[in-house]
Amino acid sequence: MSCRGKVMRPQDIQSVQQSFAGIFARKADLAERFYVHLYTRLPEARRLFRNDFVKQKSMLTAMVAACVKNLDDRQALGELATQLLGTHAHLGLGARETEAAKRSLIAALRDILGADLDPETEAAWSRAISLVAGTMTRH
């Protein structure tokens, strides 16, 4: 699955990008909360991140930032999704792992944004995450 043929609605892009401005200053917290939620959903995932965990968290936030920045650029977003898939290909991720990661990122966003993550913004984030994360599931 590729995100090259899919687009997000302009209002979704605007909603995600505006809310990300409030997240960017707390991106380390976002990464920390993401992994807390991921390990709760997939305890076996801990073994995947034994090396440089600081680097892993930095790569997560850099990828989120790059995807948010490029939500309106199908080609750039497709390239980022391809890069993400290549980075994770050796893990053989399935639908269960991808869904856990998507839910973990939404939960981390809730932790960071609190009441500022209204239902409409959360739905926009969910669509954005699904757009990119869908490329990570093995076929």
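Assorted remarks:
- Filtering 124, 107 for residues that are buried (at least 19 other Cβ atoms within 10 Å of the Cβ), modelled with pLDDT of 85 or more, within 20 Å of residue 33 (Cα to Cα) and not β-branched (Val, Ile, Thr) leaves a single hit, 124.
- Lone unmet requirement of (1) hydrophobic (A, V, I, L, M, F, W, C); (2) modelled with pLDDT under 90; (3) loosely packed, with under 15 Cβ neighbours inside 10 Å for residue 36: (2)
- The residue pairs whose first member lies in the range 28-52 and is outside any helix (DSSP H, G or I), whose second member is modelled with pLDDT of 80 or more and of a type in the set (A, V, I, L, M), and whose beta carbons are closer than 7 Å, counting only pairs six or more residues apart or on different chains, are 42/100.
- Qualifying residue in the range 96-118 (condition: under 18 Å from residue 8 (Cβ atoms), out of contact with any Phe, Trp or Tyr (no Cβ under 6 Å at 6 or more places or on another chain) and acidic (Asp, Glu)): yes
- The set of residues from the range 73-92 being under 24 Å from residue 23 (Cβ atoms) and not in a helix (DSSP H, G or I) comprises just one member, 73.
The values are calculated or read from the model by the stated rules, or taken from the named source; none is laboratory data. Quick caveat, the model's predicted, so the values are computed rather than measured. Note: ideal-geometry Cβ built from the backbone for every residue, glycine included; neighbour counts use all protein chains shown.
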